[in-house]
Amino acid sequence: MAYQGVILDVDGTLVISNDAHAQAWVEAFASFDYEVEFEQVRPLIGMGGDQIIPKFAPGLSDEEGKGKEIADKRKELIIKKFGANLTPAGGARQLILKMLSVGLRLIIATSASSQELSVLLKAAQVDDLLSQDEAATSSDAEASKPAPDIVEAALSQLKMQPSEVVMLGDTPYDIESANKAGVGVIAFRCGGFDDGQLKNAIAIYNEPADLLTHYDTSPLAPKALKSGQAKN
């Protein structure tokens, strides 16, 4: 059975933003006198603040008190400082157009807040193609990736079974989150994680443009195309 829907991660998948998120965490923690190195937080990008804050500030939560202030500062930095300088992942727009043209249902599943998502979709140059109204964001999940909540929320909105859907992501946390929800992941290297970290993906490509180039032999292709029985 060919896939009917695609769940889309945004950061590191459609927009090159993972380094910016790591730097925003460093600066947000520093604003509240926590010394966190870029190299410490960078490998954790893909998780949400509910996962990251307790690792560096035990006992704090992104829901209240100083922990929430740190999380809010990071979000403010992304929206007001880093967002304007982000660039799309190679081929992101073209891949979205291709998937839409073949009738795939697309939905976003991101640890970002809805305010950040607006900035990120503009930076990815796909804000006219993907609806923020049809997105699973941090507010739709009890816990962020690698918990399955956000992927399950996206499945619920699509009204599809896990077997009918594949996710595009770039971090091991995307893969773990999706797999816990029964969804396979096509991974991209452009988020900065290596093949060993992405090994549980069903396929790995350099970036969206790479997947688009190999679309007819990818997991997204209709089964007949992949088996070589039919070609355009």
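The values are calculated or read from the model by the stated rules, or taken from the named source; none is laboratory data. Small disclaimer: the values here were computed from a predicted structure and weren't measured. Neighbour counts run over all protein chains shown; Cβ positions are idealised from the backbone, glycine included. Side chains included, ligands, DNA and RNA excluded: accessible areas come from the protein's heavy atoms. Shrake-Rupley method; radii C 1.70, N 1.55, O 1.52, S 1.80 Å.
Among Ala178, Pro146, Gln161, which residue has its Cα positioned farthest towards the positive end of the charge dipole of the chain, with +1 placed on the Cβ of Lys and Arg, -1 on the Cβ of Asp and Glu, and the dipole taken about the Cα centre?
Gln161
Using a 1.4 Å probe, what is the accessible area per residue for the chain, in Å²?
Working: 10290 Å² over 232 residues.
Ligands and nucleic acids excluded, the figure is 44 Å² per residue.
Of the listed values [x] 59, 33, 27; [y] 62, 35, 31; [z] 51, 39, 33, identify the label whose number matches Cα extents along the principal axes in Å calculated from this model.
[y]
How far is it, in nm, from the label point at Asn206 to the one at Gln115 when both lie 7 Å from their Cα along the line to the Cβ?
Placing both labels 7 Å along Cα→Cβ, they lie 3.8 nm apart.
When the helix-only estimate is applied to the chain (DSSP H runs of n ≥ 4, each -39,500 (n - 2.57), divided by the residue count), what is the mean residue ellipticity at 222 nm, nearest 500 deg cm²/dmol? Could the numbers behind the result be given before it?
Values: 10 runs with 88 residues, N = 232.
My calculation for the chain gives -10500 deg cm²/dmol from helical runs alone.
Which FRET efficiency value, to the nearest 0.05, do you get for Glu69 and Lys122 by plugging their Cβ-Cβ distance into 1/(1 + (r/R0)^6) with R0 = 22 Å? Before the final figure, lay out the partial values.
Numbers: r = 26 Å, r/R0 = 1.19.
In this case the efficiency is close to 0.25.
Consider a paramagnetic label point 7 Å from the Cα of Lys55 along Cα→Cβ; state which residues of segment 133-147 have an amide N under 15 Å from it.
144-147
Can you give the net charge of the other residues whose Cβ lies under 11 Å from the Cβ of Leu212, counting K and R as +1 and D and E as -1? Please report the intermediate quantities before stating the final value.
Working: positive: Arg93, Lys98; negative: Glu207, Asp210, Asp216.
So the environment of Leu212 carries a net charge of -1.
Pop out the carbon and sulfur fraction of the accessible area of the chain as a percent, whole number, probe 1.4 Å.
Values: 4810 of 10290 Å².
For the chain, the apolar C and S fraction of the accessible surface comes to 47 percent.
Residue by residue through segment 26-43, which ³J(HN,Hα) values in whole Hz follow from phi under the Karplus form 6.51 cos²θ - 1.76 cosθ + 1.60 (θ = phi - 60°), with glycine and proline marked x?
Per residue, the Karplus-derived 3J(HN,Hα) values read 4, 5, 5, 4, 4, 4, 10, 6, 9, 8, 10, 7, 3, 5, 6, 8, 4, x Hz.
Please give the charge dipole size of segment 1-125, origin at the Cα centre, charges +1 on K and R Cβ atoms and -1 on D and E Cβ atoms. Round to the nearest 20 debye.
Working: 13 positive and 16 negative charges, 138 e Å.
For segment 1-125, the charge dipole is close to 660 debye.
In Å and whole numbers, how far do the C-alpha atoms of segment 43-176 stretch along each principal axis, longest first?
The Cα atoms of segment 43-176 stretch 47, 34, 26 Å along their principal axes.
Just want the answer: with Cβ charges of +1 for Lys and Arg and -1 for Asp and Glu, which residue in Ser111, Asn85, Leu100 is farthest toward the dipole's positive end in segment 1-142?
Toward the positive end, the furthest listed residue is Leu100.
Taking the Cα centre of the chain as origin, work out the dipole magnitude from +1 charges on Lys and Arg Cβ and -1 charges on Asp and Glu Cβ, in debye rounded to 20. List each step's numbers first, then the result.
Details: 21 positive and 33 negative charges, 172 e Å.
Roughly 820 debye, rounded to the nearest 20.
Once the whole set of protein chains is in place, how much accessible area is left on Phe38, using a 1.4 Å probe, in Å² to the nearest 10?
60 Å²
Non-local amide H neighbours of Phe188 (under 5 Å, H modeled in plane, Pro and chain starts lacking H): which ones?
Gly169, Asp170, Tyr205
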